[in-house]
Every structure is written in structure tokens, then in C-alpha cells.
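Where a number appears in this text, it was derived from the coordinates with a stated rule and is not lab data. Since this is a predicted model, take the numbers as computed values, not measurements. Note that each Cβ is placed from the backbone with ideal geometry, even for glycine, and that neighbours are counted across all protein chains shown.
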Amino acid sequence: MVSLCELKPGQEAEISNFTDSSVKCNSQRFGLFEGGKIKCIAKPGPVIVGIGKQIIAIGNNLSKKIFVTVCENKR
């Protein structure tokens, strides 16, 4: 398990945990739920992630408080 800010562009992950309930509540407003699948699109500063057909930017402070499990790329 790593923090969201540690993902590399192109990696897919499943959201595992949040540091506290306020982070969890704020993240749910953007569609980030435990068990949700995301894909890191870019990291020009904030982390740009794709959630389904939605793309959002998550600031570095918030991305350090969201923990994910990196999915294995199956070829």
C-alpha cells in the first residue's frame, strides 16, 4: 500500500484507505471511495487521476492522505 502521490503516470490502483474521516468525506465528493479503481494520468504538480470517465486533479497535500494498492498490469 502506497500513498496516491507515489503513483507513476499510467499506473492503476484501488483506493484502500484514508488517513482520517474528514479526508474520506472530502474525497467522496470527488468520487474517491474505498475499493474504487483509479488510474494516474499525469503528475505535473498535483496528481491527475481518471475515475471512470471523470478526470480530476488532486493536490499534493490531499494525495499524501489517500492510500492505494497498485494493480498488477496483466498483459
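What does the C-alpha gyration tensor say about the overall shape of the range 22-63? Classify as rounded when a/c is under 1.5, otherwise prolate if a/b is larger than b/c, or oblate. Intermediate values should be presented prior to the final figure.
Values: a/c = 2.11, a/b = 1.17, b/c = 1.80.
Oblate.
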| Vicinal HN-Hα couplings computed from phi for the range 31-41 (Karplus, 6.51 cos²θ - 1.76 cosθ + 1.60; Hz; Gly/Pro x) | x, 9, 10, 4, x, x, 8, 9, 9, 6, 8
| said: Let me check against my output: what whole-number percent is the relative contact order of the chain, with C-alpha pairs under 8 Å and at least 6 apart? | reply: 45 percent
| field | Cys25 versus Asn61: modelled label distance in nm, points set 7 Å from Cα along the beta carbon direction | value | 1.7 nm
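Kirkwood hydrodynamic radius (Cα pairs, Å) of the chain?
Value: 12.0 Å, from the Cα pair sum.
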| query | Which loop chymotrypsin sites (Phe, Trp or Tyr not before Pro) in the range 9-75, with loop taken from DSSP, have no more than 16 other Cβ atoms within 10 angstrom of their Cβ? | reply | Phe30, Phe33
| field | Given 16 as the ceiling on other Cβ atoms within 10 Å, longest exposed-site-free region of the chain for GluC sites (Glu not before Pro) in DSSP loops | value | 35-71
| What ranking of Cys40, Cys71, Cys5, Cys25 emerges when the number of other C-beta atoms within 10 Å of each C-beta is taken as an exposure proxy, fewest first? | Cys25, Cys71, Cys5, Cys40
